[in-house]
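Q: Can you read through this structure? Questions will come right after.
The values are calculated or read from the model by the stated rules, or taken from the named source; none is laboratory data. Just so it is clear, the structure is predicted and the values come from calculations on it, not from any experiment. Quick reminder, even Gly has a Cβ in these numbers, built from the backbone with ideal geometry, and neighbours come from all protein chains shown. Heads up: the accessible areas ignore ligands, DNA and RNA and are worked out on the full protein's heavy atoms, side chains in. Shrake-Rupley method; radii C 1.70, N 1.55, O 1.52, S 1.80 Å.
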Amino acid sequence: MKIPELYRQRKEAGRSVFSLEVFPPKRKSGINSIYEAVEKLKVTEPDFISVTYGAGGNIADNSTCDIAAAIKKQYGIETVAHLTCINSTREDVKVMIRRFAEAEIENVMALRGDIVPGEEIKREFAHANELAIEVQRQCHDDLEILGACYPEGHYEAKSVEEDIQNLKYKIGAGVKVLITQLFFDNVKFYGFLSRLRDDGISVPVSAGIMPIVKSSQLEKTVQLSGASLPHSFTEMIARYEHDKEGLYAAGIDYAVRQCRDLIEHGADGVHIYTMNDPDVAIKIWEGIRDLL
Ligand code: FAD
């Protein structure tokens, strides 16, 4: 199913979209682990599962396409294949889009990708909107396009306002659904959403939620994300930083409370960054299923 249509149907039914994100394992030998995770995640009946592309130092190859195709065909779950462009030539992008289409993938998330110091930039695409234009040129409406957005502003933008103005290029290029960067303070999300709506951006926006359940995530994810940390979050960290089981339970509880509040406020969707940990995602789903 085309993802924009899915959001339309859920909205009509007064429901929020519930989606998950997984990433290809770093080593090819770990490929089975992702299928085991998806098998477990089936119980949550997600509206779709998205598969990242070359994120977090992972090698960008055919794994995204293969995993997304399997999610759709073997597990019967709708899927979104991510695609980045900053490290790709136009030809690389064309080949990958063709592969997605051949694998009968109907939805792609068009991303620029992070500029990593020391990594080669191909310079054929400067921004995600240019990738969206290429997808449109090649596939017209066969592939629906999603994009990323940043409730607290992208780290390269001078301000949230500037970032929102740039977001309009994406929408103009055919992006029909947005998924946010992780955030821990729902107030930031509500403020961002009302700015988008005031600025005439009316596409559905799913809130990206990252459960923090391990102390290793504090440095890697929390500090690097630049997301603001509300008092309830820092309090949780201070209390459980050195208590493995306590942090696991508190992190899930925090994510559940964030999601419940978002759904109760009528969010178009919640998108869980599963970090390939199905048990955590299932626990979050158990905490919100009555609202879905
Ligand atoms: P862009 O939309 O190009 O924005 C990047 C910066 O440029 C912003 O500051 C923006 O304000 C500015 N800008 C945008 N368009 C223009 C324009 N036309 N002219 C001038 N300035 C402009 N990374 C991966 O490598 N793989 C993934 O699978 C992946 N998945 C992600 C999923 C989500 C939901 C999110 C939120 C991020 C994901 N990322 C992924 C990370 C993403 O690639 C980075 O955040 C990257 O730095 C920006 O990507 P973008 O698509 O938002 O870029």
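Q: How many residues are touching a residue at least 40 places away in the same chain (Cβ under 8 Å), under 14 Å from Phe100 (Cα atoms) and either within 13 Å of the ligand (Cβ to nearest atom) or open to solvent by less than 50 Å² (accessible area, probe 1.4 Å) (or both) when one looks only at segment 136-148?
A: Within segment 136-148, residues that are touching a residue at least 40 places away in the same chain (Cβ under 8 Å), under 14 Å from Phe100 (Cα atoms) and either within 13 Å of the ligand (Cβ to nearest atom) or open to solvent by less than 50 Å² (accessible area, probe 1.4 Å) (or both) number 3.
Q: Let me ask another. Scan segment 137-155 for residues that are closer than 17 Å to Leu167 by Cβ and of a type outside the set (Val, Ile, Thr) and jot them down. Full working, then the answer.
A: Step one: of segment 137-155, the residues closer than 17 Å to Leu167 by Cβ are 145-155.
Scanning segment 137-155 gives Leu146, Gly147, Ala148, Cys149, Tyr150, Pro151, Glu152, Gly153, His154, Tyr155.
Q: How many residues does segment 64-87 hold that are away from the ligand (no atom under 11 Å from the Cβ) and more than 20 Å from Ile179 (Cβ to Cβ)?
A: Residues flagged as away from the ligand (no atom under 11 Å from the Cβ) and more than 20 Å from Ile179 (Cβ to Cβ) within segment 64-87 amount to 7.
Q: Next up: Considering only residues that are touching a strand residue (DSSP E or B) at 6+ places or on another chain (Cβ under 6 Å), within 19 Å of Ser216 (Cβ to Cβ) and part of a helix (DSSP H, G or I), which ones fall in segment 237-283?
A: Matches in segment 237-283: Ala255, Ala281.
Q: Right, another one. Hey, could you check segment 110-127 for residues that are within 21 Å of the chain's Cα centre (by Cα) and open to solvent by 10 Å² or more (accessible area, probe 1.4 Å) and say which is farthest from the ligand (Cβ to nearest atom)?
A: Result: Val116.
Q: A follow-up question, please. Between Thr52, Thr44, which is within 13 Å of the ligand (Cβ to nearest atom) and among the hydroxyl-bearing types (Ser, Thr, Tyr)?
A: Numbers: Thr44 fails: within 13 Å of the ligand (Cβ to nearest atom).
Going through Thr52, Thr44 in turn, the sole match is Thr52.
Q: Oh, and also: Anything in segment 257-273 that is among the aliphatic types (A, V, I, L, M) and away from the ligand (no atom under 16 Å from the Cβ)? List them, or say none. Spell out how you get there, then give the answer.
A: Keep residues of segment 257-273 that are among the aliphatic types (A, V, I, L, M), which gives 262-263, 267, 270, 272.
Hit for segment 257-273 is Ile263, nothing else.
Q: If you scan segment 161-186, which residues turn out to be in contact with an Asp or Glu (Cβ under 7 Å, 6 or more places away or on another chain) and more than 9 Å from the ligand (Cβ to nearest atom)?
A: Correct list: Lys176, Phe183, Asn186.
Q: Sticking with this one: Considering every residue within segment 74-86, establish whether at least one is over 26 Å from His140 (Cα atoms) and without any contact (Cβ under 8 Å) to a residue 60 or more places away in the chain.
A: The answer is yes, given that some residue of segment 74-86 is over 26 Å from His140 (Cα atoms) and without any contact (Cβ under 8 Å) to a residue 60 or more places away in the chain.
Q: Tally up the residues in segment 5-14 that are more than 16 Å from the ligand (Cβ to nearest atom) and buried (at least 16 other Cβ atoms within 10 Å of the Cβ), please.
A: Qualifying residue count for the region: 2.
Listed here are the residues, each with its yes/no results for (1) within 18 Å of Trp285 (Cα to Cα); (2) touching a Lys or Arg at 6+ places or on another chain (Cβ under 9 Å); (3) surrounded by fewer than 18 Cβ atoms within 10 Å (Cβ to Cβ).
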position	(1), (2), (3)
Val203	no, yes, no
Gly226	no, no, yes
Leu229	no, no, yes
Glu235	no, no, yes
Arg239	no, no, yes
Gly269	yes, yes, no
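Q: Which ones in segment 76-97 are within 21 Å of the chain's Cα centre (by Cα), part of a loop (DSSP other than H, G, I, E, B) and over 19 Å from Tyr273 (Cβ atoms)?
A: Gly76, Cys85, Ile86, Asn87, Ser88
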